[in-house]
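Visitor: Structure provided below as C-alpha cells; questions to follow.
The values are calculated or read from the model by the stated rules, or taken from the named source; none is laboratory data. Predicted model, so just to flag it, every value in this text is computed and none were measured. Glycine also receives a Cβ, built like all others from the backbone with ideal geometry; neighbour counts cover every protein chain displayed.
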C-alpha cells in the first residue's frame, strides 16, 4: 500500500476531513490531497510526516519508515524485503510500524495489446525483474507481473494506459480476463478467454471487435488479471 493510501485510510478511519488535518498540522489541504492521491511532485518531508503520525495516531516512525522505503531503488528494496521475510520465517518479529509496508513491488514488463496479438517477447525478463515496478498490497504470488494496456478492445472495463496485474498462480476459468502468450511467434494479447474443447476463443469486451479462435496447442501461457490500476 502506498504512503498516500495509508494516510488516507487512517484519516477516514478516524473520521477526519482534509480540512481538519490541514489545520492541525499547518500544511495546506491541496498539498495533503496530492500526497493521498499519489500525485505529489514534492515528496513530504520528515517534519510533515511526524506531524501526521501524531495527529493520526500512528506509532512514531511508521510513516517515516514507509516514506523512506518508497525512496529506495527497487533492487535494494527487494533485497530488504527478502531478508525480512526470511527473518520472519525463522521466528523473527516485525515492529508494529513494519506491519504497514509500501506493498509488494510488481515488475511492469512491457505493454500488452488489448487488440490483436502483437509481436512482443517478454521472455527476456527474469522472473520478478524489470525496468519499472508498481507497488501493490495483498499480492502474494512471487511471480506476479504487470503490463500496460494498449488499444481499446477491452473497453469499457479496461482503458489504454491502465496497468493490469496478472498472477500466474491464480486459477483460470472460462470467461476470465487474461494475459495470453503464444508459443511461436512470441506474441501476447489481453482478452477474455473461453475454453471450447481444444480451441481457445479470445473475446474482446469491446463489441466493435470480433473474437479470435486459436488452437489451444499454440498457447503456452494464460494468466488471469487480478488487479487493475486506472490511468490517472
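Visitor: Can you confirm whether segment 146-153 contains a residue that is more than 27 Å from residue 5 (Cβ to Cβ), modelled with pLDDT of 90 or more and part of a strand (DSSP E or B)? Quick ask: steps written out before the conclusion?
Guide: Here is the first cut: in segment 146-153, the ones more than 27 Å from residue 5 (Cβ to Cβ) are 151-153.
In the following step, the residues that additionally are modelled with pLDDT of 90 or more were identified as 152-153.
The next check asks that each one be part of a strand (DSSP E or B); those that pass are none.
No, the conditions are met nowhere in segment 146-153.
Visitor: In segment 199-231, what count of residues is obtained for those that are assigned to a loop (DSSP other than H, G, I, E, B) and either over 19 Å from residue 151 (Cβ atoms) or free of Cβ contacts under 8 Å to residues at least 40 places away in the same chain (or both)?
Guide: 3
Visitor: Working only within segment 188-227, note down all residues that are surrounded by 15 or more Cβ atoms within 10 Å (Cβ to Cβ) and within 20 Å of residue 107 (Cβ to Cβ).
Guide: Those that are surrounded by 15 or more Cβ atoms within 10 Å (Cβ to Cβ) and within 20 Å of residue 107 (Cβ to Cβ): 188, 189, 190, 221, 222, 223, 224, 225, 226, 227.
Visitor: Oh, and also: Limited to segment 182-198, what total is found for residues that are assigned to a loop (DSSP other than H, G, I, E, B) and at negative phi? It would help to see each step written out before you state the result.
Guide: Of all residues in segment 182-198, those assigned to a loop (DSSP other than H, G, I, E, B) come to 183-186, 197-198.
So of that shortlist, the ones also at negative phi come out as 183-186, 198.
Going through segment 182-198 one residue at a time, the tally reaches 5.
Visitor: Given the residues 184, 174, which is the only one that is surrounded by fewer than 16 Cβ atoms within 10 Å (Cβ to Cβ) and in contact (Cβ under 8 Å) with a residue 24 or more places away in the chain? Don't jump to the end; show me each part of the working.
Guide: Numbers: 174 fails: in contact (Cβ under 8 Å) with a residue 24 or more places away in the chain.
Step by step, each of 184, 174 is checked, and only 184 is surrounded by fewer than 16 Cβ atoms within 10 Å (Cβ to Cβ) and in contact (Cβ under 8 Å) with a residue 24 or more places away in the chain.
Visitor: Can you give me the number of residues within segment 1-16 that are in contact with a helix residue (DSSP H, G or I) (Cβ under 8 Å, 6 or more places away or on another chain), outside any helix (DSSP H, G or I) and modelled with pLDDT of 90 or more?
Guide: 2
Visitor: Here's another thing I want to ask about it. Taking segment 24-53 on its own, how many of its residues are in a helix (DSSP H, G or I) and either loosely packed, with under 12 Cβ neighbours inside 10 Å or touching a strand residue (DSSP E or B) at 6+ places or on another chain (Cβ under 8 Å) (or both)?
Guide: Pass one, segment 24-53, residues in a helix (DSSP H, G or I): 24-25, 29-37, 46-53.
Subsequent filtering for residues that are either loosely packed, with under 12 Cβ neighbours inside 10 Å or touching a strand residue (DSSP E or B) at 6+ places or on another chain (Cβ under 8 Å) (or both) retains 30, 46-47.
Number of matching residues: 3.
Visitor: Within segment 54-66, can one find any residue that is within 21 Å of residue 136 (Cβ to Cβ), exposed (fewer than 14 other Cβ atoms within 10 Å of the Cβ) and touching a residue at least 60 places away in the same chain (Cβ under 8 Å)? It would help to see each step written out before you state the result.
Guide: Just the residues of segment 54-66 that are within 21 Å of residue 136 (Cβ to Cβ), to begin with: 62-63, 65-66.
When the remaining residues are screened for being exposed (fewer than 14 other Cβ atoms within 10 Å of the Cβ), the result is none.
No, the conditions are met nowhere in segment 54-66.
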